1. With a cut-off of at most 16 other beta carbons within 10 Å, and DSSP calling the residue loop, which trypsin sites (Lys or Arg not before Pro) in region 239-293 qualify? Please list them.
2. Hey, which lysines would be in cross-link range of K175, C-alpha to C-alpha under 24 Å, not counting anything within fewer than 8 residues on its own chain?
3. Which one of P179, G247, S143 has its Cα pushed farthest toward the positive end of the charge dipole of region 87-268, where Lys and Arg give +1 and Asp and Glu give -1 at the Cβ?
4. List the GluC sites (Glu not before Pro) within region 214-323 that fall in a DSSP loop (any state other than H, G, I, E or B) and whose Cβ has at most 16 other Cβ atoms within 10 Å.
5. In which sequence would L90, L11, L111 go, from the one with the fewest C-beta neighbours within 10 Å to the one with the most?
6. Rounded to the nearest 20 Debye, what is the dipole magnitude of region 87-268 about its Cα centre when Lys and Arg each give +1 and Asp and Glu each give -1 at the C-beta?
7. Would you mind checking the radius of gyration and Dmax of region 81-174 based on alpha-carbon positions, in Å?
8. How big is the Rg/Rh ratio for region 87-268, C-alpha atoms only, Rh by Kirkwood, two decimals?
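Each reported figure results from applying straightforward, stated rules to the coordinates on display, with no laboratory input. None of these values were measured; they are calculated from a predicted model. Every residue, glycine as well, gets a Cβ built from its backbone with ideal geometry; the counts of neighbours run over all protein chains shown.
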Amino acid sequence: MGHEMLVVLNLALASSLLLHIAYRTALPRPIPGIAYHKSSANSLFGVISTMLRNISSTNELFIRPFGRPMIFIADWRRRLLANTMSPAFLNQVAAPRIHDAALDLIELWQLKIKLAGNHPFPAPSDIHHMTLDAIWAATFGTSSGTTKSQVALLSSLAKLESLSPDDNIPAAFPKGPTPPAVNAIATMTDSLDNAIGSPLPRKKEGQRMSWGVKYLSDSAPVQQKLRVVLRAEFFDAAAARTTPSAGDYVKREISTLDAVMEEILRCSLTSHGAIRNAKVDTGVLGYRIPAGTDVYMLSNGPSFMSPGFRIEESRRRPELSGY
């Protein structure tokens, strides 16, 4: 065998060895103890079909060569937005603004009911504007005035001229002016929605509110039970026919109200979940999660719209045990 042939063979062997080492290095490295599909651990890009199947409440998927596994958690009892806003902000800033916006919406709907008579009227845009008012006020400290503008306009009307003789035809209302800053924000968020193909948080909140109205309208017994509980909880306000303040709500724990809101969030499916990146070594449901790992907390998997996986209560934080 000539010298040139030996050189070629050595180069081929060295290249094969390097390729093998690179391949083995690029293969997924599962986090110990967390479930995964065995076949996906032997593929550079995992197995795409396994992304659609949960084998445990906590799964890891391998999507990026040389990258860390991605952790997916399907467990309704994990509070997706816990601790993202402080209790002080929620109670002292956000709650009063939401309360004010809700009262404006009630005033608007009272006017619409009076003007519409027996006619129905569409509600989604009103809920959207109420949500915008609440978030705007909590963020900037001033009211956007979107709902108040509509209230002012309708308050000036004695009747609607365009009502159809057919009571099944929805009433159409004139629209009040929208502040230019609000129009600019709406245009920007609509553009971003189209770009990323998913509603931004402001719109998601409005969608959740719309679903809440629909669910309560469709579930008269639940609505009636909630009314009874709230009137008993705020007996003095109900007797005086006044509205409880935001502070009255945040000072109380009303399990029925919490349950209704939790069910609306669970069933509305307005988002696929939340993503968090572990900044330090941490743990989830008893599993070790290394720093730098992306954790996806699903809001449409098992335990949401289908039976969940059994999880030992000892794996949960004490405050979530039995929740």
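1. Numbers: sites: R241, K251, R252, R266, R276, K279, R288; in loops: R241, K251, R252, K279.
Counting only loop positions with at most 16 other Cβ atoms within 10 Å, the trypsin sites (Lys or Arg not before Pro) in region 239-293 are R241, K251, R252, K279.
2. Reachable lysines: K112, K114, K148, K159, K203, K204, K214.
3. G247
4. Numbers: sites: E233, E253, E262, E263, E312, E313, E319; in loops: E253, E312.
In loop regions of region 214-323 (DSSP not H, G, I, E or B), the sparsely surrounded GluC sites (Glu not before Pro) are E253, E312.
5. Working: L90 13, L11 10, L111 17.
So the residues, fewest neighbours to most, are L11, L90, L111.
6. Dipole of region 87-268, to the nearest 20 debye: 100 debye.
7. According to the Cα coordinates of region 81-174, Rg and Dmax are 16.1, 53 Å.
8. Numbers: Rg = 17.6 Å, Rh = 18.2 Å.
Over the Cα atoms of region 87-268, Rg/Rh equals 0.97.
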